[in-house]
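A short worksheet on the structure shown next.
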Amino acid sequence: MLDQKKKKKKKKRLQLPLRLNILFIFVFGLFSLLVIQLGVVQIINGEEAQQKINQTENTPSEKPVPRGKIYDRNLDVVLDNEAVKSITYTPPKNGDSAANRLKLAEKLAEFVMIIKDEEELKDEINERDKKEYWYLKNTKDALDKLTEEDRKELTTGEQYQTVLDRITEQELTTISWNVELLNVLAIKKELDQAFELSPHVIVNEGITDEEYAQVSEHLLELSGIDAVIDWERKKMFGTTFNSYIGGISDSEEGIPRENSDYYLANGYTWNDRVGKSGLEKQYENILRGRKEKIQFTTDTKGNVIGSEVVVEGQRGKDLILTLDMQLQQAVDEIVEEELKKAMNSVNNNGYLQDALVAMMDPQTGDVLALSAVRYDREDKTYSDNSYRVIYDAHEPGSTVKGATVLTGYETGAIDIGTRFSDKAIQIANDPPKKSYRFLGYSLSEVDALEMSSNVYMFRTALKISGATYIEGENLRNFNNDAFGIMRKHFSEFGLGVETGIDLPFEATGVRGGDPVAGNLLDLAIGQYDTYTTLQLAQYVSTIANDGYRVKPHLVKEIREPGNEENKLGPVLKQNTPEVLNRVSMDDRYIDRVQLGFERVFTGGTARSNWSGFEYDVAGKTGTAEKPKFDESGNQIAKTENLSLIGYSPVENPEVAFAIIVPENGTGDQYAVHHEIGKRIISKYYELKKNRIED
Amino acid sequence: MSQKNTNPTIDYTLILIIITLAIISIFTLFTLDPYLKQSYSQTFYIQQLVWYIGGSILIVFIMLVDYDRLRQISWLLYGVGMVMLILLFFHLPPGIAIKVNGAWGWFSFPVIGTLQPAEFMKIFLIVFLAHLIVAHNEKYPDHTIKLDLWLLTKIAVFSLPPIFFIGNQPDLGGVLVLTAITACLILISGIKWRIIFSLVLMAILGVIMVVFLYISFPEQVDTFVEATGFDHVESRFQGWLSTEEFGQSGGYQLIRAMLAIGSGQLNGKGIGQVEIAQTIPHYHTDMIFTAIAESFGFFGTSFVITIYFLLIYRLIHIALQSNDPFGSYIVTGIVGMFTFQVFQNIGMSIKLLPITGLPLPFISYGGSSTLTYLIAIGIVLNIHYRTKTYMFESDK
């Protein structure tokens, strides 16, 4: 196309056309490649493709494989599979004739008795079924029952009905209706109900292993019949941890319709069972396994003459949880018992209903237990609502003060050893804001944590906001950005943001929306924004772990399916601790907060409840006021959210926990949060000791 | 040296080729309409027609201004493109940046509809790199190794960021197109052959190394790609290399596509007969070629490829005729874009290449893509329109 031969004085002039021509030749090469490959696909292999479509489109070709199992950290099976055997029938395109169905039923009846109870079988078969059978067996006689007029005037359906009506009792008695025959009729009734090309279950419950094996062996003679094994999930610990394990759809429900494109593109069929919630959904790709693919060779009439496994099926991979189910069960029990005790005390002034606990390993992020129990006032029952640990958010009260102090350090509002008086804060004519009692004229930040001083936190928050505070006067220069600053620092501990747990959904709590100074002070003492129990556990873990915020996770390992029953396969992937962020502060600052948290238990607000406790624990208590209002906004009751966070042992901690018991009545309360705390920590060490001894 | 021909000309051949492609597109979507109606409420062929009309109006506007002005705004275009990609990277603005089929690649505006910045970035990058190369060559008319490497560095500095951001969405197809565009422009930028050859050699060695690693240490590679978030790329490759075994994940689309295309055979099954193609996801957008192949067979597919070939032929012709390097470079970039997309899109459905999400230019349904390609054609028409031809060319 382009002449290139001419010599040019300027080399530069020439090189552009030359290179464009090279490009053109390259394009030509690529396009030729396309045409050649299309020729191969469409002309040389085209016929084969068409045959493949004819062959495979209409024959059932995939067998389900069991999903992966779930084990706890001690390798006890948490979620298992149970095989359910069944015989199905898939009619060919456009269905099959009644005569053929009867033949099939007779053949199948040699191997299976679909209703074992004789009486039940007799009830199942009514007179019409018998008449239809007589019709099929004596078609000629039956058609003689129609007059010429009938044939002219009636539709085919009406003719059939008329014939059935005219079959007499007498005629029916010519056939001996023994059990074998009734079985044939019962099978045929099931076959009649199947739709073209979609498998219909003929029998599943009550089928014996022998019957199943018989049918499997004779599949080639039974066209359209298949012996399949379906898998049901079996929860070995009953309802314990149920909401986190999640569920799968049944085969009628199939894949979620709203996301069907995604599933279909990944090779699922409409009836496939998929994880709908919890870990089953989160780890669907790992648990699902690979379906066995069988290619049936059929002759032109559609009879199966052979089969070949194209893709070997493989059971889904197994998950090993970070959880110890024994601990989880024990914590569930403790939470329920303690909630019951609280219900019978002043804590119950008509609102108490929940107790929530999260436990994790602060260094690795391994979740150890997630437990929540709810009391239903109407049914008067206690039930496992453990999902609330990640769904429900509450104001935790003073437990957040560690984060407030660290935010103070980080923003430069306070430094190590900064002292404030605990004298109540008085802004203009607002009610004074004070600590639960006057704690002294000079508190350091460690004292403030130990004794849980509100005023110290208020003053820190005011400094962060840059406001000038003069007792009894309005604040000057209050900067609204302080909300953003504090929340940003709080989020470094996981407060108000996703913890990153390996579940399809988690709540992040609610942020208050009114940026006035009073609310900033409340934010500093945990009375404004709400957090989930898991967020609090991550927060205390971050402090316990010297400022490294690790992602909590429920799955410790993924393993290949084992070859033998109940044997684990090799480790495919190990979930290593994932650090989400490091709190941007020197160790010495975090050490101060850790010291404060330690003193809470040795000399501060938790001392009396924990004195004489066997193991050393550090942490923080919290009480948030949660007044109840009626519809018109009048306060009708006082309640308090009781919370406790902590970790143990103080040096090199291995367990961190967060406890919230919302909406307790006020007064001489039962210290339900402390009681739960002591019992779960004791339980943790007890189980640990047992395991080491074993 | 010559007398200027003052009559600018419109390239009717190119226009005719585009009209043919438009007819193929709208007609195919029309035949697919009964199937599409089962899952969508839109009427795609009408909408595609609207995009074509809108694009044609855009072309008229583009023709009004001398394309040389593009040099002045090339920085601006590049900047706008990058800002959009960066916004998408941070999933901003919330509610407007949206995730479709697993990739953060779209803005969704109320009323106007959705917009895919990666498509527009293709044109912006072409114009920008063309400008960059011209500016370099004007400043340094000589090609020494040192100057060439300097030019290469500049090209890399400006083409890698958009490639990174699009790769992060993740949109493998977009990455490959931008790479193809950049490669074409490097080829014709005048950079010395020995540098180009060493680049090609390095690329080949790189590919060989990846393949070698995958064959020798499959598990480590597995963990690595998972850790770096490239697992979807891996699954596409697995689907391509061992189609049957990975039939459930990456290979599924490919098996269906091969069946659909193959069963079209020589003559096709007839207009609107797409029993297999309609079961392939995206059969009206990225996988539309399978529908054409199934209904019209080998005759249909080779006709489509011929039309594309004519298009490329015409574009290269215009690039050769233009005596302004800036114009030639832009057209070459556009050649790179079209060639690669056509080759990749068709190649992936017949197992020449792994599957990636890329539209078939002018034929696949899609607003952003169709508009982008029409804008590209508008620029080419503009370049041809303003090419000065000489009556007594000493060069020829």
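The values are calculated or read from the model by the stated rules, or taken from the named source; none is laboratory data. What you see is a predicted model; the values in this text were computed from it and never measured. A quick note on method: Cβ atoms are made from the backbone with ideal geometry, for glycine too, and the neighbour counts reach across all protein chains shown.
Can you pull out the residues in region A:562-610 that are among the hydroxyl-bearing types (Ser, Thr, Tyr) and at pLDDT 90 or above?
A:Tyr589, A:Thr602, A:Thr605, A:Ser608, listed by residue number.
Matching residues to (1) closer than 18 Å to A:Phe28 by Cα; (2) of a type in the set (D, E, K, R); (3) assigned to a helix (DSSP H, G or I):
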site: B:Ile312; (1), (2), (3): yes, no, yes
site: B:Ile318; (1), (2), (3): yes, no, yes
site: B:Phe326; (1), (2), (3): no, no, yes
site: B:Gly333; (1), (2), (3): yes, no, yes
site: B:Met337; (1), (2), (3): yes, no, yes
site: B:Asn345; (1), (2), (3): yes, no, yes
site: B:Lys351; (1), (2), (3): no, yes, no
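On the given criteria, is A:Leu495 among the aliphatic types (A, V, I, L, M) and closer than 30 Å to A:Tyr244 by Cα?
Here the answer is yes, as A:Leu495 does meet what is asked.
For the subset of region A:47-82 comprising residues that are modelled with pLDDT of 85 or more and among the β-branched types (Val, Ile, Thr), which member is nearest to A:Val309 (Cα to Cα)?
Here the answer is A:Ile70.
Being surrounded by fewer than 24 Cβ atoms within 10 Å (Cβ to Cβ) and touching a residue at least 24 places away in the same chain (Cβ under 8 Å) narrows it down to one residue among B:Leu315, B:Leu310; which is it?
Just one listed residue meets the conditions, B:Leu310.
Just checking, how many residues over region A:250-290 are among the polar types (S, T, N, Q) and out of contact with any strand residue (DSSP E or B) (no Cβ under 8 Å at 6 or more places or on another chain)?
Here the count works out to 6.
It is to be established whether one or more residues within region A:192-199 are closer than 17 Å to A:Pro66 by Cβ and out of contact with any Phe, Trp or Tyr (no Cβ under 7 Å at 6 or more places or on another chain).
no
Which fully enclosed strands (runs of 3 or more DSSP E) of region B:78-124 have 3 or more residues being within 28 Å of B:Gly333 (Cβ to Cβ), away from chain A (no Cβ under 14 Å) and of a type in the set (Gly, Ala, Ser)?
Hits in region B:78-124: none.
Select the strands (runs of 3 or more DSSP E) contained entirely in region A:592-694, then report the ones holding at least 1 residues which are over 36 Å from the mean Cα position of the chain (by Cα) and farther than 30 Å from A:Leu75 by Cβ.
A:635-637
This table checks each residue for (1) more than 30 Å from B:Gln169 (Cβ to Cβ); (2) in the same structural domain as B:Phe362 (by TED's automatic domain parsing).
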site	(1), (2)
B:Ile17	yes, yes
B:Thr20	yes, yes
B:Leu29	no, yes
B:Phe44	no, yes
B:Ile57	no, yes
B:Ile62	no, yes
B:Asp66	yes, yes
B:Arg71	no, yes
B:Ala97	no, no
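Which of the residues that make up region B:253-299 are of a type in the set (Gly, Ala, Ser), in contact (Cβ under 8 Å) with a residue 12 or more places away in the chain, facing chain A (nearest Cβ under 10 Å) and closer than 19 Å to B:Leu352 by Cα?
B:Ala257, B:Ala260, B:Ser263, B:Gly264, B:Ala293, B:Gly297
Which of the residues that make up region A:437-448 are closer than 15 Å to A:Lys620 by Cα and of a type outside the set (A, V, I, L, M)?
Result: A:Glu445, A:Asp447.
With the checklist (1) more than 24 Å from B:Phe326 (Cβ to Cβ); (2) in contact (Cβ under 8 Å) with a residue 40 or more places away in the chain in hand, flag the one item B:Trp106 doesn't pass.
(2)
For region B:157-201, how many residues meet the condition of being more than 17 Å from B:His136 (Cα to Cα) and outside any helix (DSSP H, G or I)?
Of the residues in region B:157-201, 3 are more than 17 Å from B:His136 (Cα to Cα) and outside any helix (DSSP H, G or I).
Check whether at least one residue in region B:192-209 is among the hydroxyl-bearing types (Ser, Thr, Tyr), closer than 30 Å to A:Pro17 by Cα and facing another protein chain (nearest Cβ under 10 Å), and report yes or no.
no
Please indicate, with yes or no, whether at least one residue in region B:116-136 is surrounded by fewer than 21 Cβ atoms within 10 Å (Cβ to Cβ) and polar (S, T, N, Q).
Looking for residues that are surrounded by fewer than 21 Cβ atoms within 10 Å (Cβ to Cβ) and polar (S, T, N, Q), one finds none in region B:116-136, hence no.
I'm trying to understand the selection: among the residues of region A:87-136, which are outside any helix (DSSP H, G or I), of a type outside the set (Lys, Arg) and within 17 Å of A:Asn183 (Cβ to Cβ)?
Within region A:87-136, A:Ile87, A:Tyr89, A:Glu110, A:Phe111, A:Val112, A:Met113, A:Ile114, A:Ile115, A:Asp117, A:Ile125, A:Asn126 qualify.
Filter region A:465-497 for residues that are of a type in the set (A, V, I, L, M, F, W, C) and either in a loop (DSSP other than H, G, I, E, B) or without any contact (Cβ under 8 Å) to a residue 60 or more places away in the chain (or both) and give the result.
Passing the criteria: A:Ala467, A:Ile470, A:Leu475, A:Phe478, A:Ala482, A:Phe483, A:Phe493, A:Leu495, A:Val497.
Could you please give the count of residues in region A:154-175 that are in a helix (DSSP H, G or I) and not small (Gly, Ala, Ser)?
Final tally of qualifying residues: 14.
What are the residues in region A:338-394 that are in a strand (DSSP E or B), touching a Pro at 6+ places or on another chain (Cβ under 7 Å) and under 19 Å from A:Asp72 (Cα atoms), if any?
A:Met360, A:Val367
Mind checking which residues of region B:300-319 are over 21 Å from A:Val40 (Cβ atoms) and at the interface with chain A (Cβ under 9 Å from one of its Cβ atoms)?
B:Ile312, B:Tyr313, B:Ile316, B:His317, B:Ala319
Within region A:431-452, take every residue that is outside any helix (DSSP H, G or I) and touching a helix residue (DSSP H, G or I) at 6+ places or on another chain (Cβ under 7 Å) and give me the one that is surrounded by the most Cβ atoms within 10 Å (Cβ to Cβ).
A:Ser452
Do the conditions hold for A:Val335, that is, is it over 26 Å from A:Tyr548 (Cβ atoms), surrounded by fewer than 20 Cβ atoms within 10 Å (Cβ to Cβ) and β-branched (Val, Ile, Thr)?
The answer is no for A:Val335.
Sort through A:Ala194, A:Ala186 and tell me the only one that's at pLDDT 85 or above and small (Gly, Ala, Ser).
That would be A:Ala186, the only listed residue that is at pLDDT 85 or above and small (Gly, Ala, Ser).
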